[in-house]
């Protein structure tokens with residue numbers, strides 16, 4: 001595909017090395033796209049550099065936000081698992097004849113165990129009345 005503003009400059013897919021180089025050069029030279037283009041990217045125009053850089057920044061922000069959300073979700077899950085484990089150990093729940101302490105990772109099992117704990121607590125409360 002030919003760019004009609006400049007027949008010499010073609011629209012070519014960016015390589016990962018070019019993207020890294022562009023980000024590095026922007027940090028070094030700021031947003032002086034004409035200078036960066038003339039010195040380092042003769043086969044691209046300044047607008048291509050600016051647009052690609054802005055796209056990379058936006059893409060990076062999105063990845064950072066997704067990573068933060070995954071970390072938050074993972075921490076919530078770990079906290080929930082620890083709380084359920086502590087609750088079961090604290091109350092020494094007896095199932096059958098054996099006393100068991102639970103170390104559970106599966107969220108569906110956690111929900112079931114939480115329901116079981118509530119039922120047992122209600123039974124315990126009813127027997128105390």
Quiz item: Which of the residues spanning region 25-50 are under 14 Å from residue 11 (Cβ atoms), without any contact (Cβ under 8 Å) to a residue 40 or more places away in the chain and either in contact with a helix residue (DSSP H, G or I) (Cβ under 8 Å, 6 or more places away or on another chain) or outside any loop (DSSP other than H, G, I, E, B) (or both)?
Solution: 41, 44, 47, 48, 49
Self-check item: Qualifying residue in region 63-78 (condition: surrounded by 11 or more Cβ atoms within 10 Å (Cβ to Cβ) and at pLDDT below 85)
Solution: yes
Quiz item: Which of the residues spanning region 25-43 are more than 16 Å from residue 55 (Cβ to Cβ) and under 29 Å from the mean Cα position of the chain (by Cα)?
Solution: 27, 28, 30
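The values are calculated or read from the model by the stated rules, or taken from the named source; none is laboratory data. Remember, it's a predicted structure, so these values are computed and weren't measured experimentally. Heads up, the Cβs are rebuilt from the backbone with ideal geometry, glycines too, and the neighbour counts pull from every protein chain shown.
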